[in-house]
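Asker: Below is a structure I'd like to ask you about.
Every number here is computed from the coordinates shown, using simple stated rules; none is lab data. Note that the structure is predicted; figures quoted are calculated from it, not measured. Counting neighbours? That spans all protein chains shown, and the Cβs are built from the backbone with ideal geometry, glycine included.
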Amino acid sequence: MSEYQAAPRTVVEACFDPQGTASLAYVYDLAAAAGLADQPVRLAIRRLEAAGVLRQEGRGRKGRLLLTDAGRLRSDTDVRLVRLAYAQDAGLAPWDGLWRLHTFSVPEQRRPERDALRTALTRLGAAPLAPGAYLSPHDLLAELVGETSESTVGSYLVTAEATRLTGPGFTDPASVAERLWPAADTLAAYRPLAEALAAEPVGTDHDSPELTGTDHGSTELIGTEHGFPELVASALGLADAFSRALEHDPLLPPELRPAPWPPARLRHAFRERWAAIRRQAPDLSLFRAFDPPGAEKA
């Protein structure tokens, strides 16, 4: 068994299909295959429900989980970030040379909206320049509307574009990037992914696990004698390391990073390993956001 112990929340988040639905039977089966008891999974579900990320319909194994609008928007953003990373790695998203400044001043009585803007900008990789002022090489307006609300953005956010920045240490675009988004911090975020990729892949094609049932509501995991729990733990550990790396990666355009850029190599290695997992267990639905575009199941 892999030494990685999946967090209950990771298991729950792994189970949603592209429509934002997860069968509780599938969630609990996957958790069991990853070595988790039902109780911590139920607690993770309650916490995600309290946070407004999902809602539960029905009880027990016959129930299901549904992403809320907020949870779906967050999932959609995750998909866009994954695709942006791979587009940049492939040279398909060149930088236009513009810096985007996002500023806001929100009254104290509207603190939740202020916090939402700050959280969204940070999540999208913008760097703080001063209180209420953030910088990014990307146009984040559409994502900010999705992460907060159109009324919040329309009422409080002011944006500007610039081709040149001046300030302490800002001698050229690369120096701006290094000062605001140090390469060492991003490289450190990818270290767990490098370690996960360095581990020996679990399973081989001839002893692939099987899944019974035609949908999450009737699926039961079998094939444990062929190392299926190890495959689940390995896949969850790999996906968790990849998602955590992206959470801390501002996804700067390649023009602003030294070449070669190790995270690009690691993302390529992750995609190859993830494709191998898909071949071993094609019906194992895990983190569909990590699949290549067009590979999602209906």
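Asker: Select, from 68, 77, 21, the only residue that is of a type in the set (Ser, Thr, Tyr), farther than 28 Å from residue 268 by Cα, in contact (Cβ under 8 Å) with a residue 40 or more places away in the chain and surrounded by fewer than 21 Cβ atoms within 10 Å (Cβ to Cβ). Write out each step before concluding.
Answerer: Values: 68 fails: in contact (Cβ under 8 Å) with a residue 40 or more places away in the chain; 77 fails: farther than 28 Å from residue 268 by Cα.
After ruling out the rest, the residue left standing is 21.
Asker: Being charged (D, E, K, R) and assigned to a loop (DSSP other than H, G, I, E, B) is the filter here, so list the residues in the range 145-166 that pass it.
Answerer: If the condition is that a residue be charged (D, E, K, R) and assigned to a loop (DSSP other than H, G, I, E, B), then 164 is the only one that fits.
Asker: Would you point out the residue of the range 92-113, among those that are surrounded by 13 or more Cβ atoms within 10 Å (Cβ to Cβ) and over 21 Å from residue 160 (Cβ atoms), that is nearest to the chain's Cα centre (by Cα)?
Answerer: So, considering only residues that are surrounded by 13 or more Cβ atoms within 10 Å (Cβ to Cβ) and over 21 Å from residue 160 (Cβ atoms), the one nearest to the chain's Cα centre (by Cα) is 93.
Asker: Then there is this: Write out, first by first residue and then by second, each pair whose Cβ atoms fall under 8 Å of each other, whose residues are 6+ apart or on separate chains, and whose first residue, in the range 179-198, is under 16 Å from residue 251 (Cα atoms) while the second is part of a helix (DSSP H, G or I) and acidic (Asp, Glu).
Answerer: What qualifies is 189/247.
Asker: Counting only residues that are part of a strand (DSSP E or B) and without any contact (Cβ under 8 Å) to a residue 24 or more places away in the chain, which one in the range 93-144 is farthest from residue 247 (Cα to Cα)? Write out each step before concluding.
Answerer: In the first step, residues of the range 93-144 are kept if they are part of a strand (DSSP E or B); the result is 99-104, 127-130, 133-136.
This time we only want the ones that are without any contact (Cβ under 8 Å) to a residue 24 or more places away in the chain, so: 128, 130.
Details: 128: 16, 130: 22 Å.
Filtering the range 93-144 for residues that are part of a strand (DSSP E or B) and without any contact (Cβ under 8 Å) to a residue 24 or more places away in the chain, the one farthest from residue 247 (Cα to Cα) comes out as 130.
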